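Colleague: Here you go, one structure.
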Amino acid sequence: MLRIGLISDTHGLLRREAQRFLRGCDHIIHAGDIGNAGVLDQLAEIASVTAVRGNNDNAAWAAALPPTRSLALGGVPIFVLHDLNDLENSACPSGVRIVVCGHSHKPQVVRKPSGVLVVNPGSAGPRRFKLPVTCAELMISGENDFLAQVAHLL
């Protein structure tokens with residue numbers, strides 16, 4: 001079984017609670033609005049990291065980050081982007097089983113009628129309005145056996 005940590009919208013703040021939650025992950029996906037390169041460095045000390053650039057990641061350190069990423073973990077094709085509203089205009093490959101996004105700061109796990117699992121881990125950075133501080137985990141047991149759940153950090 002693979003445990004994939006999902007995080008988004010850290011905006012330069014990688015909380016100790018998020019670091020504790022992500023310990024033991026086989027891989028970490030950051031869905032953008034990272035805030036600074038130090039956040040990615042800290043995450044890389046926990047596990048290998050896949051990250052995309054968010055709408056607020058516009059400093060020089062973020063220039064090398066792509067706006068979208070495709071990867072397969074445990075045989076499951078995953079597509080990562082910051083804003084789910086951009087999905088239709090992105091180069092999302094066919095056959096994707098999981099879409100990971102951020103941007104809204106609202107945690108969500110939804111299985112679409114097509115069978116695609118859409119996961120927004122919410123925001124693990126500075127609290128925004130009255131939204132919770134969250135991360136998520138994706139558990140992959142096989143190509144057709146995966147689930148995600150959100151964890152409230154505070």
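The values are calculated or read from the model by the stated rules, or taken from the named source; none is laboratory data. Keep in mind it's a predicted model, so treat the numbers as computed, not measured. For neighbour counting, all protein chains shown are included, and Cβ atoms are generated from backbone atoms with ideal geometry for every residue, glycine included.
Colleague: Taking the criterion of being within 17 Å of His27 (Cα to Cα), surrounded by fewer than 21 Cβ atoms within 10 Å (Cβ to Cβ) and modelled with pLDDT of 95 or more, would at least one residue in segment 108-122 satisfy it?
Modeller: No.
Colleague: Let me ask something additional. Here's a check for you: in segment 52-66, which residue that is in contact (Cβ under 8 Å) with a residue 24 or more places away in the chain and under 24 Å from Lys106 (Cβ atoms) is nearest to the chain's Cα centre (by Cα)?
Modeller: Val52
Colleague: State all residues of segment 1-31 that are farther than 19 Å from His152 by Cα and either among the charged types (D, E, K, R) or crowded, with 24+ Cβ neighbours inside 10 Å (or both); if no residue qualifies, say none.
Modeller: Hit for segment 1-31 is Asp26, nothing else.
Colleague: Surrounded by fewer than 21 Cβ atoms within 10 Å (Cβ to Cβ) and among the β-branched types (Val, Ile, Thr) - does that describe any residue in segment 70-86?
Modeller: Checked against the condition, which is being surrounded by fewer than 21 Cβ atoms within 10 Å (Cβ to Cβ) and among the β-branched types (Val, Ile, Thr), segment 70-86 yields no hits at all.
Colleague: Taking only pairs six or more apart or across chains, which ones have beta-carbon atoms under 9 Å, a first residue in segment 84-99 that is within 19 Å of Leu147 (Cβ to Cβ), and a second residue that is of a type in the set (D, E, K, R)?
Modeller: Arg97/Glu143; Val99/Lys112
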